[in-house]
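Read the structure below first, then the notes.
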Amino acid sequence: IYFDKESGYKISKFYEGSRNADPKDTKEMSRCMELLKSLHDKHIQVGHSFDIAERIKYYTELCKESGGISFEDVSFVQKNMKILLDVLDKMKSQTCLCHIDSVADNFIITADNRVKLIDWEYAGMQDPHIDIAMFCIYAGYDRKQADELMDLYFEGKCEKMTRIKIYAYMAVSGMLWSNWCEYKRTLGVDFGEYSLMQYRYAKDFYRIVQEELAKEEK
């Protein structure tokens with residue numbers, strides 16, 4: 001209804017009786033992925049992008065200025081993320097308007113059973129497959145659950161290299177939000193287990209990507 005680009009204040013319609021989508025409900029996830037794919041399939045072009053490498057660097061620098069990152073092996077993990085970012089640069093096939101914060105809490109089911117995608121704060125040009133990764137890591141999905149979500153989005157036709165690319169996005173996105181949490185911690189806001197979960201995505205899915213790429217090379 002109203003948005004002020006200088007202050008960021010907005011007024012939006014309230015959907016009476018709406019609720020967040022349930023990431024454990026397969027039918028609802030199918031509808032959410034159908035809506036997400038319909039956004040990507042429109043190939044909307046805008047004048048700004050979401051650069052995940054730049055954002056990781058940005059929050060890393062903020063952390064350094066305010067006390068550093070608390071994880072002991074962060075230097076090692078950061079090097080691995082640079083490797084994955086290089087891999088993703090080579091795998092990126094297309095860009096379009098992406099939501100970026102496409103998590104279950106931002107898909108709402110209205111009282112009349114429609115699915116709406118809200119909260120476009122981070123939206124910008126990116127590889128659409130990052131939106132699938134973002135959903136997975138916020139929902140706390142393991143690899144099997146992530147694969148199942150990919151199958152819903154691609155209607156059972158997800159190519160192997162696309163799957164690997166989404167794993168890579170899960171890793172680097174985990175690093176991004178882990179850094180974000182670390183910076184917020186220096187401001188007195190502690191996200192607890194969520195921060196550690198995101199850091200684990202960076203480590204675990206880096207390993208998964210390397211294992212899967214090694215198989216492809218054989």
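The values are calculated or read from the model by the stated rules, or taken from the named source; none is laboratory data. Just so it is clear, the model here is predicted, and its values are computed rather than measured. For neighbour counting, all protein chains shown are included, and Cβ atoms are generated from backbone atoms with ideal geometry for every residue, glycine included. Surface areas here come from the heavy atoms of the whole protein model, side chains and all, with no ligands, DNA or RNA. Shrake-Rupley method; radii C 1.70, N 1.55, O 1.52, S 1.80 Å.
Condition first: surrounded by 16 or more Cβ atoms within 10 Å (Cβ to Cβ), in contact with a Lys or Arg (Cβ under 7 Å, 6 or more places away or on another chain) and touching a residue at least 12 places away in the same chain (Cβ under 8 Å). Can you find one or more residues in the stretch 31-42 that meet it?
No.
Given Y194, Y201, Y141, Y183, which one is farther than 23 Å from T95 by Cα, part of a loop (DSSP other than H, G, I, E, B) and not basic (K, R)?
Y141
Which members of the stretch 166-214 meet the condition of being of a type in the set (S, T, N, Q), farther than 21 Å from S102 by Cβ and surrounded by 20 or more Cβ atoms within 10 Å (Cβ to Cβ)?
none
Given the criteria surrounded by fewer than 19 Cβ atoms within 10 Å (Cβ to Cβ), within 16 Å of the chain's Cα centre (by Cα) and in a helix (DSSP H, G or I), does D131 qualify?
no
So which pairs qualify, if the first residue must be in the stretch 129-143 and in contact (Cβ under 8 Å) with a residue 24 or more places away in the chain, the second must be charged (D, E, K, R) and open to solvent by less than 20 Å² (accessible area, probe 1.4 Å), the Cβ gap must be under 7 Å, and the two must be at least 6 apart or on different chains?
Final answer for the pair search is H129/K165.
Of (1) within 29 Å of K10 (Cβ to Cβ); (2) open to solvent by 10 Å² or more (accessible area, probe 1.4 Å); (3) of a type in the set (G, A, S), G156 satisfies all except one. Which?
For G156, the exception is condition (1).
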